[in-house]
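Visitor: Handing you this structure, nothing more for now.
The values are calculated or read from the model by the stated rules, or taken from the named source; none is laboratory data. Nothing here was measured: the structure is a model prediction, and the numbers come from that model. Here the Cβ positions follow ideal geometry from the backbone for every residue, glycine too, while neighbour counts run over all protein chains shown. Note: accessible area is taken over every heavy atom of the protein model, side chains too, but ligands, DNA and RNA are not part of it. Shrake-Rupley method; radii C 1.70, N 1.55, O 1.52, S 1.80 Å.
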Amino acid sequence: MNFKFITALILISLIYLTTSTSLDPCSSQPDDLDLNVIPIYSKCSPFNPPKPDSWANTLINMASKDPARVKYLSTLVGQKTVTSTPIASGQAFNIGNYIVRVKMGTPGQLLFMVLDTSTDEAFVPCLGCLGCSTTTFLPNASTSYGPLECSVPQCGQARGLSCPVEGTGTCSFNQSYAGSSFSATLVQDSLRLATDVIPNYSFGCINAISGGSIPAQGLLGLGRGPLSLLSQSGTQYSGVFSYCLPSFKSNYFSGSLKLGPMGQPKNIRRTPLLRNPHRPSLYYVNLTGISVGHVLVSVPKEYLAFETTTGCGTVIDSGTVITRFVEPVYNAVRDEFRKQVTGPFSSLGAFDTCFVKNYETLAPTVTLHLEGLDLKLPLENSLIHSSSGTLACLAMAATPNNVNSVLNVIANLQQQNLRILFDTVNNKVGIARELCN
């Protein structure tokens, strides 16, 4: 074999390796500023779906766990650059359905953490955790890891605090999350998001869990409280972040979480961001009405009005799967929708307004009227289809009867392929169409 031929073979091999790596949609790009978001059961996700199934059945299963999520939301009382990280959609029992890749510790340990806009604290399962999965954070492998004492300010900011009345001790706390519970120790370590490193990030190191809804590799809280990502990053992101959630059908890290005011869309419609002191973690908006087709649905104003004393109002949430309205509001929307679509109607899982798909062309557009903007939902954001493909269903539901909730929740199915911008300094929420599948 001559020298020229050997050289050609080597060059071809190098070109193949370089090309195949660069085209891998699941590969991490060390210099990529995008923080991608993916479905938890996508091809790029390390989590395996419960069993091979159709996308429609998976979505029905996900939506069936919304009641615990809505109940969790109803109990939440008392809590200059741009960095973009990939997001993927997915589902883990009663929790949020989108995950981001982060690195915790020094050197960084890769974790696929659930993104949650209604929770402040971050928490991850640590080595030795009872009831946790096999993938856990290894504190002893990180040179920047350290536990926090009860005397530090962060300890008093954690919900479910458990510290001795006198003296010092390790800061421990117990929390419930979407029908499950866990115990954890408050610790600090470096958190890496894309190319950004946030030193001394406080989070819960989980040592035991009870129930199945705790995220397998942890949760990153994007709420508005003192232990949230926005608060702990100080002025680094200027209180601004946005995300684009891909469809549940998207297999890869095609969504994105953008942190900071730079790189955010300039021409974006905005609505006021409201704050409830009794539920300070939640992102409230002023939902003034709902239209089905050209009909403005008649709804008593008290079911939509923002009320700080009772917690009434509407929140945008990344963890609930389908939009939930309090029962009188949902019934009015559903009844008007049925008037404009040919029946008969049947139920499928959480969905009570399913009809023959042939009549899908008759389905009216659902518009959410927010103060200052109208959000018209494309059919892909308002309808789902049965696994057989013969039925189409209105992808909304009433707040469960067993949940004493006064919240309307704009959920992640209705947010897909939209850029949702949260500006906590100027108290604005921006919404713009963006295809991120």
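Visitor: So which residues in region 382-432 are open to solvent by 10 Å² or more (accessible area, probe 1.4 Å), among the hydrophobic types (A, V, I, L, M, F, W, C) and assigned to a loop (DSSP other than H, G, I, E, B), if there are any at all?
Guide: Those that are open to solvent by 10 Å² or more (accessible area, probe 1.4 Å), among the hydrophobic types (A, V, I, L, M, F, W, C) and assigned to a loop (DSSP other than H, G, I, E, B): VAL403, VAL406, VAL425.
Visitor: In region 193-223, what count of residues is obtained for those that are in contact with a helix residue (DSSP H, G or I) (Cβ under 7 Å, 6 or more places away or on another chain) and part of a loop (DSSP other than H, G, I, E, B)?
Guide: As a first pass, look at region 193-223 and keep what is in contact with a helix residue (DSSP H, G or I) (Cβ under 7 Å, 6 or more places away or on another chain): 198, 201-202, 205, 213, 220-222.
Going one step further and asking which of them are part of a loop (DSSP other than H, G, I, E, B), we end up with 213, 222.
Result for region 193-223: 2.
A quick yes/no check of all residues on (1) of a type in the set (A, V, I, L, M, F, W, C); (2) outside the structural domain of ASP116 (by the TED database):
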position	(1), (2)
VAL240	yes, no
LEU273	yes, yes
ASN286	no, yes
SER298	no, yes
LYS301	no, yes
GLY313	no, yes
ILE322	yes, yes
ASN331	no, yes
GLU336	no, yes
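Visitor: Take the residues of region 192-227 that are crowded, with 18+ Cβ neighbours inside 10 Å and of a type in the set (S, T, N, Q): which is nearest to PRO86 (Cα to Cα)?
Guide: GLN217
Visitor: Name the residues in region 313-327 that are open to solvent by less than 60 Å² (accessible area, probe 1.4 Å) and modelled with pLDDT of 90 or more, would you? Let's see the steps before the verdict.
Guide: Restricting attention to region 313-327, the residues satisfying the condition of being open to solvent by less than 60 Å² (accessible area, probe 1.4 Å) are 313-326.
Correct list: GLY313, THR314, VAL315, ILE316, ASP317, SER318, ILE322, THR323, ARG324, PHE325, VAL326.
Visitor: Exactly one of (1) buried (at least 20 other Cβ atoms within 10 Å of the Cβ); (2) assigned to a strand (DSSP E or B) is unmet by LEU230. Its number?
Guide: Every condition holds for LEU230 apart from (2).
Visitor: Still on this model: Just wondering, is there one or more residues in region 270-283 that are surrounded by fewer than 20 Cβ atoms within 10 Å (Cβ to Cβ) and under 18 Å from the mean Cα position of the chain (by Cα)?
Guide: Yes, that holds for at least one residue.
Visitor: Let me ask you something else. Any residue at all in region 131-142 that is assigned by the TED database to the domain that holds GLY225, closer than 26 Å to SER318 by Cα, at pLDDT 85 or above and open to solvent by less than 10 Å² (accessible area, probe 1.4 Å)?
Guide: Checked against the condition, which is being assigned by the TED database to the domain that holds GLY225, closer than 26 Å to SER318 by Cα, at pLDDT 85 or above and open to solvent by less than 10 Å² (accessible area, probe 1.4 Å), region 131-142 yields at least one hit.
Visitor: Also, I was wondering about something else. Being within 25 Å of ARG279 (Cα to Cα) and among the hydroxyl-bearing types (Ser, Thr, Tyr) narrows it down to one of TYR243, TYR145, so name that one. Quick ask: steps written out before the conclusion?
Guide: Working: TYR145 fails: within 25 Å of ARG279 (Cα to Cα).
Exactly one of TYR243, TYR145 is within 25 Å of ARG279 (Cα to Cα) and among the hydroxyl-bearing types (Ser, Thr, Tyr), namely TYR243.
Visitor: Also: Can you spot a residue in region 369-381 that is in a loop (DSSP other than H, G, I, E, B) and open to solvent by less than 40 Å² (accessible area, probe 1.4 Å)? Quick ask: steps written out before the conclusion?
Guide: Keep residues of region 369-381 that are in a loop (DSSP other than H, G, I, E, B), which gives 371-372, 378.
If we keep only those that are open to solvent by less than 40 Å² (accessible area, probe 1.4 Å) too, we end up with none.
Taking every residue of region 369-381 in turn, none turns out to be in a loop (DSSP other than H, G, I, E, B) and open to solvent by less than 40 Å² (accessible area, probe 1.4 Å).
Visitor: Hey, does region 153-173 have a residue that's at pLDDT 90 or above, outside any strand (DSSP E or B) and of a type in the set (A, V, I, L, M)?
Guide: No, region 153-173 contains no residue that is at pLDDT 90 or above, outside any strand (DSSP E or B) and of a type in the set (A, V, I, L, M).
Visitor: Let me ask another. Scan region 316-361 for residues that are assigned to a strand (DSSP E or B) and under 26 Å from PRO272 (Cβ atoms) and report the count. Outline the logic, then answer.
Guide: Going residue by residue through region 316-361, those that are assigned to a strand (DSSP E or B) are 316, 323-325, 346-348, 351-356.
Filter again for under 26 Å from PRO272 (Cβ atoms), leaving 316, 323-325.
Residues in region 316-361 being assigned to a strand (DSSP E or B) and under 26 Å from PRO272 (Cβ atoms): 4 in total.
Visitor: Still on this structure, please answer the following. Can you spot a residue in region 158-168 that is surrounded by 20 or more Cβ atoms within 10 Å (Cβ to Cβ) and either of a type in the set (S, T, N, Q) or over 17 Å from PHE112 (Cβ atoms) (or both)? Quick ask: steps written out before the conclusion?
Guide: Taking region 158-168 and keeping what is surrounded by 20 or more Cβ atoms within 10 Å (Cβ to Cβ), we get 158.
Still in the running and either of a type in the set (S, T, N, Q) or over 17 Å from PHE112 (Cβ atoms) (or both): 158.
Yes - at least one qualifying residue is present in region 158-168.
Visitor: So is PRO364 in contact with a helix residue (DSSP H, G or I) (Cβ under 6 Å, 6 or more places away or on another chain), outside any strand (DSSP E or B) and open to solvent by less than 40 Å² (accessible area, probe 1.4 Å) or not? I'd like the intermediate steps shown before the answer.
Guide: Details: in contact with a helix residue (DSSP H, G or I) (Cβ under 6 Å, 6 or more places away or on another chain): yes; outside any strand (DSSP E or B): yes; open to solvent by less than 40 Å² (accessible area, probe 1.4 Å): yes.
Yes, satisfied.
Visitor: Yes or no: VAL152 in contact with a Ser or Thr (Cβ under 8 Å, 6 or more places away or on another chain), of a type in the set (A, V, I, L, M, F, W, C) and under 21 Å from LEU230 (Cα atoms)?
Guide: Details: in contact with a Ser or Thr (Cβ under 8 Å, 6 or more places away or on another chain): no; of a type in the set (A, V, I, L, M, F, W, C): yes; under 21 Å from LEU230 (Cα atoms): yes.
In short, no.
Visitor: Here is a further query. Every residue in region 178-232 that is more than 24 Å from PRO280 (Cα to Cα) and small (Gly, Ala, Ser), please.
Guide: Within region 178-232, SER190, ALA194, ALA208, SER210, GLY211, GLY212, ALA216 meet the criteria.
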